[in-house]
Amino acid sequence: MGLKNDAWIRRMALEHGMIEPFEDRQVRQGVISYGLSSYGYDIRVADEFKIFTNAYSAVVDPKHFDPRSFVDFKGPVCTIPPNSFVLARSVEYFRVPRGVLCLCVGKSTYARCGIVVNVTPLEPEWEGYITIEISNTTPLPARIYAHEGIAQVIFLEADEACQVSYADRKGKYQGQQGIALPRV
């Protein structure tokens, strides 16, 4: 298995629609960076958020998730309450090739502020917008900026393609269009 570089990512994005929209360079001026990097792609967070709330005292249960646990918010800046989290989605739509596994990891700019993005795998032949969990580990409110960088996707190509892909298994998050809540 090998780590893929910027030339491979550029070719796969432009010729095969692996990432749409695709930013061919690192955008940095006045924003938290996004776009193509040396060995990955820095994704942006859209302006749609689901802010975790305990207003209804719901039990957090991944098998029987109560959507009232979140408040919907749309805007250019999302404030995450202290010691809480939000769900969001990527601006970019991904189509992962069959012989590739991607890892989505947080950016150091946010991590240095106590804002953590959950590590998320993108399995072979998964496609959709990435649902991103962003945790505020601090005792203070924290800001997230829409349409700016939030995480990096790293691409690992296998020596041979998997026997059963995410699409073959008809994975429950295949083709997700918005922020996907937990499903069983």
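Read the figures in this text as sums done on the coordinates, not as results from a lab. All values derive from a computational prediction rather than experimental measurement. Positions of Cβ are generated from backbone atoms using ideal geometry, with glycine treated the same way; all protein chains shown enter the neighbour counts.
Listed values, structure above:
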read-out	value
Cβ-placed point charges (K, R +1; D, E -1), dipole of the chain about Cα centre in debye, nearest 20	380
Ranking of 6, 168, 42 by count of other Cβ atoms within 10 Å, fewest first	168, 6, 42
Whole-Hz couplings from phi, Karplus 6.51/-1.76/1.60, listed for region 117-126; x for Gly and Pro	9, 4, 5, 10, x, 10, 7, x, 6, 7
In order through region 89-100: 3J(HN,Hα) via Karplus (6.51 cos²θ - 1.76 cosθ + 1.60), integer Hz, x for Gly, Pro	9, 6, 6, 7, 9, 10, 10, 7, x, 4, x, 10
Computed [θ] at 222 nm, helices only, for the chain once each DSSP H run of length n ≥ 4 contributes -39500 (n - 2.57)	-2000 deg cm²/dmol
For residue 148, residues with placed amide H under 5 Å, excluding near neighbours	45
Most mobile of 57, 108, 33 in a GNM of the chain (Cα contacts under 10 Å)	57
Length-normalised contact order for region 1-107 - Cα pairs under 8 Å, 6+ apart - percent	28
Where a label projected 7 Å from the Cα of residue 109 along Cα→Cβ would reach, residues of region 125-140 with amide N under 14 Å	none
Cut-off under 5 Å, modelled amide H: who pairs with residue 92 long-range	44
Relative contact order %, the chain, counting alpha carbon pairs below 8 Å whose residues are six or more apart	28
Positive-end extreme of charge dipole, the chain - chosen from 134, 118, 56 (charges on Cβ)	56
Full-stretch length increase - residue 61, residue 25 - with 0.36 nm per residue and alpha-carbon distance subtracted	8.9 nm
Under the Karplus curve 6.51 cos²θ - 1.76 cosθ + 1.60, θ = phi - 60°, whole-Hz ³J(HN,Hα) for region 107-115, x wherever Gly or Pro sits	8, 5, 4, 6, 4, 5, 9, x, 9
Calculated P(r) of region 69-136 - Cα pairs past 21 Å, %	32
From the C-alpha gyration tensor of region 1-41, square roots of 5λ in Å	19, 13, 7
Nonlocal amide H pairs with residue 142, under 5 Å, H built at 1.01 Å	80
